[in-house]
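To start, the structure under review is shown below, and the notes come after it.
Every number in this text was worked out from the coordinates using simple rules, so none of it is lab data. This is a predicted model, so every value here is computed, not measured. Every residue, glycine as well, gets a Cβ built from its backbone with ideal geometry; the counts of neighbours run over all protein chains shown.
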Amino acid sequence: MLRLGYPVIGVTDLQRATTFWTSALNLVATEEWAGDHWRTLEHADGSGRALCLMYSESPPEPRPRIHLDLLVDTAAEQEQEVARLVTLGATRVDWDSYPPAPDFVVLADPDGNLFCVIDLSHAPSG
């Protein structure tokens, strides 16, 4: 039976990426498949795998077709989380494709991988 696993992010500095993503999402690094080229991160509450990091020499894509969306419930929470992520090492991306009144902010992790922080208060109801 085929089933979906979990997202894998290519990184050039495995330790730096582990520090960033565990802090950003309250995850913990496990020893599962741990090595010089791989880290598995799981939910701190023990509910299972959440994200994997894989060493990669290729540069991040400037406009990735697949990326992570991190969700918050309000615009105020979005501002707080964006600020917190920046203190952890993320950078704001000068995104030229923002729509009018966007519900998302584009950031890059310390390796330059793009991700978004989405304010769900703009989501359609129903």
Fewest-first ordering of TRP33, TRP95, TRP21 by Cβ atoms within 10 Å yields TRP33, TRP95, TRP21
Scan around VAL11 for amide H atoms under 5 Å from its own, H built in the peptide plane at 1.01 Å from N, and keep only partners 5 or more places away or cross-chain.
-> MET54, TYR55, SER56
Which one of GLY35, GLY48, VAL8 is farthest out on the positive end of the charge dipole of the range 8-55, using unit charges on Cβ (Lys, Arg +1; Asp, Glu -1) and the Cα centre as origin?
-> VAL8
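What does the charge add up to near ALA123, with Lys and Arg as +1, Asp and Glu as -1, over the other residues with Cβ less than 13 Å from its Cβ? The partial results should precede the final answer.
Details: positive: none; negative: ASP69, ASP73, ASP103, ASP119.
Surrounding charge for ALA123 is -4.
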Binned Cα-Cα distance frequencies in the chain - 10 Å width, integer % | 12, 40, 35, 12, 1
Farthest toward positive dipole pole in the range 71-110 [+1 Lys/Arg, -1 Asp/Glu at C-beta], among THR87, ALA76, PRO99 = THR87
Hey, what do the phi angles of the range 79-96 turn into as Karplus ³J(HN,Hα) couplings, whole Hz, using 6.51/-1.76/1.60 and θ = phi - 60°, x for Gly and Pro?
-> 4, 5, 5, 4, 4, 5, 5, 5, 5, 7, x, 6, 10, 6, 9, 7, 7, 8
Rounded to whole Å and sorted largest first, list the principal axis extents of the Cα atoms in the range 68-122.
-> 29, 23, 16
For the chain, what proportion of DSSP beta bridges, expressed in % and rounded to the nearest 5, is antiparallel?
-> 65
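Which whole-number percent is the relative contact order of the chain (Cα, under 8 Å, 6+ apart)?
Values: 200 pairs, mean separation 30.8, N = 126.
Normalised by residue count, the contact order of the chain is 24 percent.
At 0.36 nm per residue, and after removing the present C-alpha to C-alpha distance, how many nm does the segment from TRP95 to ARG65 gain when stretched out fully?
Working: separation 30, 0.36 × 30 = 10.80 nm, distance 1.45 nm.
Here the segment from TRP95 to ARG65 would lengthen by 9.3 nm.
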Kindly express, to the nearest 10 degrees and within the range 0 to 90, the angle between helix 14-25's C-alpha long axis and the longest C-alpha principal axis of the chain.
-> 50
The range 8-55: proportion of alpha-carbon pairs further apart than 17 angstrom, % | 20
Would you tally the net charge around ARG49, using a Cβ to Cβ cut-off of less than 12 Å, leaving ARG49 out, and scoring K and R as +1, D and E as -1?
-> -1
